[in-house]
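Note sheet for the following structure.
The values are calculated or read from the model by the stated rules, or taken from the named source; none is laboratory data. Since the structure is predicted, the reported quantities are computational estimates derived from the model, not experimental observations. Cβ coordinates were reconstructed from backbone atoms using ideal geometry, including for glycine residues, and neighbour counts include every protein chain displayed. Ligands, DNA and RNA are excluded from the accessible area calculation, which covers all protein heavy atoms including side chains. Shrake-Rupley method; radii C 1.70, N 1.55, O 1.52, S 1.80 Å.
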Amino acid sequence: FFDLFSSSKKPPYTLPPSPPTFPIIGNFLWVRKSVFQIEQSLRRFSRSLGPMVTLYIGPRPSIFVFDRSLTHQALIQCGSLFSDRPNSLPADKIMNSNQHNISSGSYGPNWRLFRRNLTSEILHPSRVKSYSHARKWVLDILFDGLQEKAKSGESVEVLVQFQYAMLSLLVLMCFGDKLSQQHIKEIGDLQRRVFTGFGRFALLNLWPRVTKILLRKKWDQLFKLRKDLEDAYIPLIRARKKAKDERLSNKGSDDYVLAYVDTLLDLELPEEKRKLDEAEMVTLAAEFINAGTDTTSTALQWVMANLVKYPHIQDRLLVEIKGVVGDSVEEIKEEELQKIPYLKAVILEGLRRHPPAHFVVPHCVTEDTVLGGYLIPKNSTINFMVADMGWDPKVWEDPMAFKPERFMGEKVFDITGSREIKMMPFGVGRRICPGLGLALLHLEYFVANLIWKFEWKAMDGDDISLEEKKEFTVVMKTPLMAHISPRKS
Ligand code: HEM
C-alpha cells in the first residue's frame, strides 16, 4: 500500500520529526497548554518539519497528520489498522466506564455492538423520521424565544437558544419525549459541567499516583461529577425500563416512540455475555447527548453568523427556499429540505470553513505501522488536522472566504472522503461520526426555518467577528449578536 508497510519488513523507521523539547518539563508544559495553543504551535512546526509532526504530550508520543492523501491512506485504505483508540487515561476512565462507549471504545466487539446499535436502531433514516414531532416542538420553542428577543429591537445573543434547541432534540431522542423544559435545562447544566471537565481534569492523568495525593480535591470533584451524572440519569433509565415492561404486559400507552436508552436495556456484551449495568448505560446516554449537542449548535451559530455577515448569501438562500415552497407556507417541512441545493451548500461551506472539531478523537494503530515513511508505534496516538484539510488552497480557491457556490456543481459532494479527502468535519473511515446524517438534517431544518421566519441583520456599526475560541468545540470568540425581525406578521 503506497509507502505503508508493516514495520517488521522495512526497518529502521523513526517517528515523525518533533520540535526540540526538554524531557519531563516539556511534557508538563504541553499538558498545561490549551488545545487551541497546541493547534497553533503544530501549524508552525509543520511549516518546517513537514506534513507529520510528533509531540510528547502526556505519557505517549502524539503524532499529527496534516496531509489529506496520507490521511486517506491511513483512515480509508488501511482503516482496520488505524481505527483503534488509545487506552484511556485514569481520569477519563471514570467518565467513560472503562471505555464502555463508542468514542473511546477499542476497535473490537464491544465498540462494534455499541456503534451498530446506535446507527441501526436510532440513526437509521426511518427512525430519525419518527422523531420529526420532536423537531417541530423544539422549533416552535425556538421561534417563541426568538420572537420574544425580536421585540426588544436591539441586537440579541442567540447562542443559548441554539444550544437549548439542539440539547432538547438529543435529550428527547435519548430518554423519550416526556421531559419538561426545566428538566432538559438541568440536564444541559450537568452536561456542560461534564465537558468543561475534560480540560480541568487533564492534569490528574500526568502522574496519577502523585496527583491522587497532591490533587486529592480535584479527584474528589471528578468522582462527584460522575456521581451527579448517575444520580440524574439512572432514574430516567429506570422510568424507561418500567414503561417498557408495562408495554410488554400490554398496559402501556400506544403513542410510544423508541428512545436510545430503550435500545441499551437489551444489549448484551458479546465477550462477557452480560447485559449493560446502569453505570454503563449512563455513560452511553451522556456520550449521545454530548456528541450531538455542542457540535451541532456550534455549527449552527457559525452558519448563521456568516448569513448575517454576508446579507447577499442570506438573500439568495431565501429566494431559493421560496422557489421550492412558494410564498404562503408558515414553515419549511423536512420533506422540502432535499429540494434546496443552495441550503445544503451553505451548510457544507459552514462545516468546511468552521468545523466544530479541529481534530478527530485521537486514534491509535492496532500494530506498529509505517505511514509517509515514518513509524507509527502501537503505543502512540495519531490525530488528523481536520480544519487545515478543509482550508487547503490546493483544493479550495480562496479557502478562508465563505462561498457556498463552491458546492453548487452537478455532482453531490462526498463528505465521507471515500475516494479523496477534500474536507473531513465528521472524520472519515470506520470511526466517521455516526451522527453525520442527523447533524446535517438538524442544521438544514433549523437554518432554513430561521431564515424563513426572520430577517437576520447586524446592527449598524456592529462587525461580525469570525475569531475563534476553543471550548469543547471551536466556537465564536464573540458570540453572534444579531438584530432579528419577523418576515411576516
Ligand atoms: C455538526 C455536528 C457534528 C460534528 C461536526 C461531529 C464530528 C465528529 C468527529 C470529528 C468525530 C471523530 C471521528 C474520528 O475520531 O475519527 C465524531 C465522532 C462521533 N460522533 Fe459526531 N459530530 C457531530 C454530531 C454528532 C451527532 C448528532 C451524534 C449522535 C447523535 C454524534 C455522535 C458521535 C459518536 C458516537 C462518535 C464516535 C464514533 C466512533 O468512535 O466510532 N456526532 N463526530
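See the values below:
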{"read-out": "Total residues in the range 188-238, condition among the aromatic types (Phe, Trp, Tyr) and under 22 Å from Asp277 (Cβ atoms)", "value": "2"}
{"read-out": "Selection count where residues are surrounded by 14 or more Cβ atoms within 10 Å (Cβ to Cβ) and within 18 Å of Ile122 (Cα to Cα), scope the range 237-275", "value": "14"}
{"read-out": "Some residue of the range 170-191 being farther than 26 Å from Asp255 by Cα, of a type outside the set (Ser, Thr, Tyr) and loosely packed, with under 15 Cβ neighbours inside 10 Å", "value": "yes"}
{"read-out": "Selection count, the range 398-446, where residues are away from the ligand (no atom under 12 Å from the Cβ), within 26 Å of Ser126 (Cα to Cα) and touching a residue at least 12 places away in the same chain (Cβ under 8 Å)", "value": "3"}
{"read-out": "Flag for Ser465 being farther than 19 Å from Thr296 by Cβ, touching a residue at least 60 places away in the same chain (Cβ under 8 Å) and away from the ligand (no atom under 11 Å from the Cβ)", "value": "no"}
{"read-out": "Criterion: closer than 27 Å to Leu441 by Cβ and of a type in the set (A, V, I, L, M, F, W, C) - qualifying residue of Ile289, Ile234", "value": "Ile289"}
{"read-out": "The range 148-172 residues that are among the aromatic types (Phe, Trp, Tyr), paired with ones that are at pLDDT 95 or above (beta carbon under 6 Å, 6 or more apart)", "value": "Phe162/Ser297; Phe162/Leu300; Phe162/Gln301"}
{"read-out": "Test set (1) within 11 Å of the ligand (Cβ to nearest atom); (2) open to solvent by less than 30 Å² (accessible area, probe 1.4 Å); (3) touching a helix residue (DSSP H, G or I) at 6+ places or on another chain (Cβ under 7 Å) - Val386 fails condition number", "value": "(3)"}
{"read-out": "Unique match (being touching a Gly at 6+ places or on another chain (Cβ under 9 Å) and either within 16 Å of the ligand (Cβ to nearest atom) or under 14 Å from Ile451 (Cβ atoms) (or both)) among Ala357, Ala286", "value": "Ala357"}
{"read-out": "Output for the range 371-382, where each listed residue is open to solvent by 10 Å² or more (accessible area, probe 1.4 Å) and within 19 Å of Met424 (Cβ to Cβ)", "value": "Gly372, Thr381"}
{"read-out": "Options Asp368, Asp294: the member that is closer than 27 Å to Arg430 by Cα, modelled with pLDDT under 95 and touching a strand residue (DSSP E or B) at 6+ places or on another chain (Cβ under 9 Å)", "value": "Asp294"}
{"read-out": "Positions within the range 106-128 being among the basic types (Lys, Arg), within 14 Å of Tyr260 (Cβ to Cβ) and more than 9 Å from the ligand (Cβ to nearest atom), in sequence order", "value": "Arg116, Arg127"}
{"read-out": "Those residues of the range 123-143 which are open to solvent by less than 60 Å² (accessible area, probe 1.4 Å), out of contact with any strand residue (DSSP E or B) (no Cβ under 9 Å at 6 or more places or on another chain) and not basic (Lys, Arg), in sequence order", "value": "Leu123, Val128, Ser130, Tyr131, Ser132, Ala134, Val138, Leu139, Asp140, Ile141, Leu142"}
{"read-out": "Which numbered condition Glu335 misses (of (1) away from the ligand (no atom under 16 Å from the Cβ); (2) assigned to a helix (DSSP H, G or I); (3) open to solvent by less than 50 Å² (accessible area, probe 1.4 Å))", "value": "(3)"}
{"read-out": "Residue, most open to solvent (accessible area, probe 1.4 Å), within the range 276-286, restricted to residues that are in contact (Cβ under 8 Å) with a residue 40 or more places away in the chain and more than 21 Å from the chain's Cα centre (by Cα)", "value": "Glu278"}
{"read-out": "Search result, residues across the range 435-473 that are at pLDDT 95 or above, closer than 24 Å to Thr71 by Cα and open to solvent by 40 Å² or more (accessible area, probe 1.4 Å)", "value": "Gly437"}
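Conditions (1) under 21 Å from the mean Cα position of the chain (by Cα); (2) open to solvent by 20 Å² or more (accessible area, probe 1.4 Å), marked per residue:
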| residue | (1), (2) |
| --- | --- |
| Thr54 | no, no |
| Asp67 | no, yes |
| Ser83 | yes, no |
| Ser106 | yes, yes |
